[in-house]
Every structure is written in C-alpha cells, then in structure tokens.
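Nothing in this text is a laboratory measurement; each read-out follows from the coordinates by a stated rule. Owing to the predicted nature of the structure, the values given are computational and were not obtained by experimental measurement. Because the Cβ atoms are built from the backbone with ideal geometry, glycine has one as well, and the counts that use them run over all protein chains shown.
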2 protein chains.
Amino acid sequence: MNELLERFLQGDRRALARVLTRVENDTEEGREYVRLLYPRSGRAHTVGITGSAGSGKSTVTGALAAEWRRRGKQVGIVAVDPSSPFTQGALLGDRIRMHDLALDPGVYIRSMASRGALGGLAPAVNDVVAVMDAFGFDVILIETVGAGQDEVEIAGTALTTVLVNNPGTGDDIQAMKAGIIEIADILVVNKADLPGADTLVSQLQALLTLAPAGARRPPILRTIAITGEGIAALADAIEAHRVELERSGELERQRYDDARHQILAQAQAILLERIRAATPADELDALVARVAARELDPHTAAEELASAVLGTPLHP
Amino acid sequence: MNELLERFLQGDRRALARVLTRVENDTEEGREYVRLLYPRSGRAHTVGITGSAGSGKSTVTGALAAEWRRRGKQVGIVAVDPSSPFTQGALLGDRIRMHDLALDPGVYIRSMASRGALGGLAPAVNDVVAVMDAFGFDVILIETVGAGQDEVEIAGTALTTVLVNNPGTGDDIQAMKAGIIEIADILVVNKADLPGADTLVSQLQALLTLAPAGARRPPILRTIAITGEGIAALADAIEAHRVELERSGELERQRYDDARHQILAQAQAILLERIRAATPADELDALVARVAARELDPHTAAEELASAVLGTPLHP
C-alpha cells in the first residue's frame, strides 16, 4: 500500500483529491485505486439530482447538502453538469450559501469534465462516486442535467433519483423525455412560490397517472431552495426512500442490475481499447477509406477489426 | 440474389419496406442486405432535422418534403422522434398536408423504434438511411429530437443538419446543449410570425458569436412551416450547403470521419455480442453477485469477461 492511499484512508482531503484525479483520468494507477477501494464502498446514500438548466437543481443540491450537514452527515457532491455553478467555480461571489458549503470541512465538492465520447461519462462518474463512498461520505449528491443517454444512465445508478422541475418553463415537462421521468423516485417542484406552481403539480400528477398500474408513484414535493423552504421535508423523503428500498428488497435488486450493466459497459470499453491497440493505424485508415468510398459497409469493416482482436474469423 | 432484392432494385416499395424491417431488426439477413446495398448508397442528400418537442420540426420536415416534390425529387423521411406525428400514425385527420405526403408515391416515410440500449439507435438509423439511399431517394430527411447522445450522433451523420427553434419557448436555447448547436449547419426560427421571433434571432446570433474564430457561421432562416413561408428559401439553403461541402472538400472529410466512427461503434457492438455469447449465464451471474456485494469492482470483473473472449489474460 502506498503513502497516498494511506493518507486517503486516514481521511486526508488532499489525498482524496489526488486519488480522484487519477481515477477520473482513467490511468492504470487510477484503476488500481478503484480496485483497492471498491470493497470499502456501498455504504453511502447516493442521490442523483437532475433537472433542466434553470430548474434550480444546483440550489436544491446546495440546500440539501446544508440540511444534511445540520443532521451531522458528511456530504459529497459530484457536479456532472458543465453549466452547474459547482463546476463553474462560481462558488465565490454572490452565492454565499454555496461559498459556505465550499468552506465546510464536512462537505467535499468534485466537478467532472466528460470522459471520451465512445467510452461515455457514466463509468467515470461511477468510479468517482465509489471512491468518495469508500472515503466515508454518508450522502453523495450527484448533480446532472436531465437529458441524454449518459445523464439518464448516471441518474439511474444513484440509489435515489430526484427530478427538479420549475414552474417558470411550461415546456419542461414536454421536454423531459419519458426516460428520465421513469427513473425519478421523487419529483420536486422548485420555485414553488412562482405562479404556475400549482399547474405544474397538476401536470406532473397527470403525467404520473400514465405510469403502468402497480408501479410506484413518486411523491411530488414543493421547495423554494433559495430560502430553504421544503428542503428538510425533501431530505426526509430521500431518507424514507432508502428505507423503503431496503425494506422491499429493491435495494438488492438495484445493486445487481447496476453491477450487471456496469460490468458489460466496462467490458465493451476494454474491448474497444483492445481493437485500437491491435489495429495498425494504416490498416484502420484503409478500412475507413473503403467504407467512405462505399466499397464496404461499416458492419463488415467492423467484423474485420473485431476478428483481428479475437484471433479467429467471425464467419469461419 | 434473391427475389426480394430483385424487386427492391426494380423500385418496389413493398420490397423496400420488407428489407428495412429486416435491417432494423438487425437480423443476419438484414445485415446481408446492408452489405449488398451499401455500394449503391452515398448519392442522396441526407438532411437531419432536429429540434425540441413543440419546435415544429415535423411540420418543417413535411413542408420541405413537399417543396422537394415540387422540384421533382424523390424524398425519403426517417422519423426517429417517438413523439413525431410521422411516428404516431397521426398522418390522417387534421394534418392534411402530411396526409397528402403519405399518399404521394414520390415520398416514403419510415418511422423507427429504438434499438437496444447498449447498441444504441444510431447504427440502426445509419443502416436504414443507407438502404433508402441505395433505393434511389434524392433527399432523405431524418427527423430527431435535439437532445441526447444518440440524437447528436444521428444528426451528425447527416450531410446537412438543420436545427429548428421556436420563439414560443424562451428556454429552448438554454436547453440546447452546446453539442447540438455545434453540429447545426443551418438554424431555423420557425413560427416566425409569433412575438419573440426577433428576440430569438438576436439570441441565436449572440450564441453564434461564441463560436471559435474562423468557424463557419450557420445561416439563420425564418420559416412559418404551417403556411409554407420561408420553406423554399430553406430548401435552397440546404442545397447550397451541399454545394459548399463539395467545393471545400469538407464532404470528403466528413465521409471519412463518419466511416471511422461507424466502424468503431459497430466493432464495439460486435464485441459485446461476443462477450454475451461466450459467457455462460451462471458465470456472468457470479461476477454480478461479487460486484453487487462489493467484493470486486466492475472494471476487474469486466477484464475477466473480456479476457475470456480474447483468449489471453489482460494482465499476464
């Protein structure tokens, strides 16, 4: 065990930051840290906070973190949204509440850039969350924008997913594709003092009636995150959801599904790396040129690449 | 060569529909059709029409199809958006214009369900477009929602990508993540008779000034698709974009990039299939259980799976 890991295990924040950087960059050393630390993870309550730009999800995230600090919990925040104030370094200045958070030693904020396109962002987020979990945070808040495959995937791996809506934009609901509302465990109408909040609650209720019979209906909560109103109730609902998950056995099933999905996604990434390593650049270029010239279709070209890695022809 | 293919090559629409179904379902027979037909593709002008729900992109798509019919072109439409009226079967009833389109033998409309989650939708759309291209359509319009990785990928493979905006929803621009606006070749402000159209045009212009110096600035066009206003000018701009692509050599570069991306994505899908085929269910289950119990991290489990397929250990 090296010195960095030793300091990590003693609770040194700078060691945490350095381990996370290696993990995020997906280096061999970073992977080794994930391997070593993974068995210590699985204790934290991971909470996905998702919603479109302007929904106030960053403010909700900040207010929740402050609430859990009052309850004596250690809180980690992973901001995946590139437009989040957590990511933008806008923690100083007028965002006093977040500034306070950033100075609180019981809160650790990590913002993430995206990892390569074909690999996807989700594996990197999972690794970062696992390491923060192993570090000992009680709650880990993962803030994402509620759009796109990556985002849905990230939100889906959290134990509890909160979808933040905002009465200011009537089109929000329409824009929220089925995928994201289906994985929401709790719906929040933030900025609940704005006109239109009642209408939005009714719309969300109507939307939920479309869910299949017998499906769990997520509760709808009202918050005014900027003043903190409704945040304690939201934290209660999130904690209640975890209790519900454990009681129903759903927690176990979710961990299995999640493990299966992560293993297959990572295996795919490994094999793609292998293809890239095994194929001389000029050979790939030649295949690309033939496909671009329409002499060959992409699937047949892909089979040639794949069979080179696999060592055996796919069509013997 | 079988009879179905023969009828396809003679221009039989029902043969086209049957080939497309096989291709969409990704059967071995479907792949064989793609292999055989791919060399005949590459002639059509593929146009991605993207925009959020309510932007009017379906109406723009319909109006463009009608315009190209007037110009004597054969038009294919691929509707990927599950909420599109093309997909919903809402072609009858009050959507007279689309009804007319559906009855026009010079127009072929294909709506697509999504293909499996890990494989992604984009490869299926590419295959369907290639087959329609080989069938002989002059223009193929691909309608997608402008959100999510799949969508950006699909829009990106079209020669010309049109982003449809709508002054009705001020949040549209904010919601349009950088990814989609960066790949737009032409910006459309639809419903240009609504209040707010001028503001939206100014906002888009402001957004475009953020583009890196020297980058091509996409033109901004106004349309009222429901009356057809501005549609002829939009069709002109789309045709002009293709001429520009050919003249600058960009078309060639785009075909290469596209081929490279498609080959690697397909190779990844093939390898995932291989992993699934090579791993006994109980072996995968055992790995899943160990990861769910946090005895093992997903990446190490994935390496075990991958090395089983590759035949050699990754860490000898």
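What the table shows:
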item	result
Sites B:Tyr256 and A:Ala232, calculated FRET efficiency, Cβ-Cβ separation with R0 45 Å, nearest 0.05	0.20
Whole-Å distance, taken between Cα centres, linking the range A:212-269 and the range A:1-76	18 Å
Label 7 Å beyond Cα on the Cβ vector: A:Ala206 copy-to-copy distances, nm	3.2
Label distances, nm, B:Arg247 versus same residue in remaining copies, Cβ-directed 7 Å point	7.0
19 Å cut-off, amide nitrogen to a point 7 angstrom out along A:Glu246 Cα→Cβ, residues in the range A:57-72	A:68-69, A:71-72
The range B:205-255: C-alpha gyration tensor shape, a/c 1.5 cut-off, then a/b vs b/c	oblate
FRET efficiency estimate (nearest 0.05) - Cβ-Cβ, B:Arg35 to B:Arg217, R0 45 angstrom	0.65
Candidate aspartates and glutamates - alpha carbon under 12 Å from B:Lys57, same-chain residues fewer than 8 apart omitted	B:Asp81, B:Glu143
Gain upon complete extension [A:Ala286, A:Arg18; 0.36 nm per residue less C-alpha separation]	92.4 nm
Most positive-pole-ward Cα, B:Leu20, B:Tyr33, B:Gln10, against dipole of the range B:1-40 from beta carbon charges	B:Gln10
